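Chemist: Let me begin by handing over the structure; questions about it come next.
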Amino acid sequence: MGYVSAVPPPRSDASAETEAPDSRSSRRSVAAALLLGALGATVVLLASGRVWARGTAAIGSDSLQLSADGRAVTGLPAALAIVGLAALVAVFAVRGKGRLLVSGLLALSGLGALLSALFGSDGRSALDAQAARTTADSAAHVAGLTQTTWPYVTAAGAVLILAAGLLALRFGSGWPSMGGRYERDGSPRRRAVAAVDPDRPEDLWKALDRGEDPTTGPSGDRTR
């Protein structure tokens, strides 16, 4: 007669090896997206406050040096960086199709900031407006226009936001959520059962209101 064991067979090493890489890959993608998104938004916000363009405006026989920062040239990169930060946080607050939409918004924020930094970095219109205000001449124009490297630094930060969005689109379905209802293994948390004192009528009524049997304890044994 064969020997039958009640002990479950040990978990195979093959299944452990297939699950561990997926878990590590998910953690790495989460960390990479958070790092890239936060770093990219910080770079965009800081670089947008730097001088993007310089020029001169003529005042009689003299010339006045003018400069315009990124937010005066175009406010889109900084605004989209803030949207990207909000989307990066919201990715972990939603699930399913909502997470997919928020991930797409994160990627589009980075793409929009990138395009606006590259194609809206001329600065001539901002310096012309500044020259008109300074000289009190609406026909004044800036001369000797030069650009700095800060628009390209802004574009580099936008690329990081875009990369975070692409990671969220690719791997976001397996990322954890901020919801506290479920444990890490996906099972719902067990609600703690309040102790019922059978000598106190108010405890009995509260237990009945909760749909509990006041004559049994937490372990299912009779209290009396």
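Chemist: Report the calculated FRET efficiency for Val89 and Val51 (r = Cβ-Cβ distance, R0 = 22 Å), to the nearest 0.05.
Modeler: According to the calculation, E is roughly 0.10.
Chemist: I'd like to check one number: the per residue accessible area of segment 82-149, probe 1.4 Å, reported in Å² as a whole number.
Modeler: Per-residue value: 53 Å².
Chemist: Given a 1.4 Å probe and every protein chain left where it sits, what share in percent of the accessible area of segment 13-157 is carbon and sulfur?
Modeler: Carbon and sulfur atoms account for 64 percent of the accessible area of segment 13-157.
Chemist: Let me ask something else. Along Cα→Cβ, 7 Å out, is where each label goes; now give me the distance between the ones at Thr135 and Arg24 in nm to one decimal.
Modeler: In this crude label model, Thr135 to Arg24 measures out at 6.5 nm.
Chemist: Of Leu64, Pro77, Gly104, which is farthest towards the positive pole of segment 52-133's charge dipole, taken about the Cα centre with +1 and -1 on the beta-carbons of Lys, Arg and Asp, Glu respectively?
Modeler: Among Leu64, Pro77, Gly104, the one farthest towards the positive end of the dipole of segment 52-133 is Gly104.
The values are calculated or read from the model by the stated rules, or taken from the named source; none is laboratory data. All values reported here derive from a predicted model rather than from experimental measurement. So basically every Cβ, Gly included, is an ideal-geometry build from the backbone, and we count neighbours across all protein chains shown. SASA here: full protein model, heavy atoms, side chains in, ligands and nucleic acids out. Shrake-Rupley method; radii C 1.70, N 1.55, O 1.52, S 1.80 Å.
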